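Enquirer: Here it is, the structure in full.
The values are calculated or read from the model by the stated rules, or taken from the named source; none is laboratory data. Please read all numbers here as calculations on a predicted model, not as lab measurements. Cβ placement follows ideal geometry from the backbone for every residue including glycine, while neighbour counts extend to all protein chains displayed.
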Amino acid sequence: MNTRVVKRGFSLVVVLSLLVLPAVVGGQEHHVHDAAAAPASPGDNPLTDEMMKLDAVFREVVSGVALGDGARVHQALEAMHGAMEKTHEGVHHGTVRIPKNSGRVKEFVDLDKKFHAKLDTLAQAAHKNDLQAMLKLTKELLDGCVQCHRTFRNP
């Protein structure tokens, strides 16, 4: 692979991790103490559980992509299996509370399904160790995090 492409890709991932990820998870501690936004204990709100898991997964994904380590990215993404289904079941049973625009649940679920489909595509790219695709998909996924938080999470 062209060294210049790898260096540019590495720079992109570093910039994304420094700029976008804090915007996605920034202020998380504040929201954890907000009783309306966070569950009293793990498992009370599958959406919150999924977001906490996704935060840890993306830290590993960004590191794996930055190092060109598809196996590391693929392994990190395995932790997300079943998370979407639990969230959607929680939406159905009322245990998921969307803090902002709660009347737009169908839009939220559709957005979540598309996000998880893209996670699957990233896992496939990681399995092939396709750095170009991993970079592109990681950026798109992080952009999706920001979009979803702007639409459905209180500041």
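Enquirer: So which helices (runs of 4 or more DSSP H) are wholly in segment 1-105 and hold at least 1 residues that are at pLDDT below 85?
Expert: Helices (runs of 4 or more DSSP H) meeting the threshold: 3-25, 28-32.
Enquirer: Conditions: (1) in contact with a Lys or Arg (Cβ under 8 Å, 6 or more places away or on another chain); (2) assigned to a loop (DSSP other than H, G, I, E, B); (3) within 27 Å of G70 (Cβ to Cβ). N154 meets all but one. Number of the miss?
Expert: (3)
Enquirer: What residue, of T95, T87, T151, T138, is touching a residue at least 12 places away in the same chain (Cβ under 8 Å) and surrounded by fewer than 16 Cβ atoms within 10 Å (Cβ to Cβ)?
Expert: The conditions single out T151.
Enquirer: While we're on this one: Does segment 117-151 hold any residues that are touching a Gly at 6+ places or on another chain (Cβ under 8 Å), farther than 23 Å from G82 by Cβ and of a type outside the set (D, E), and which are they?
Expert: Selection gives K128, N129, L131, Q132, L135.
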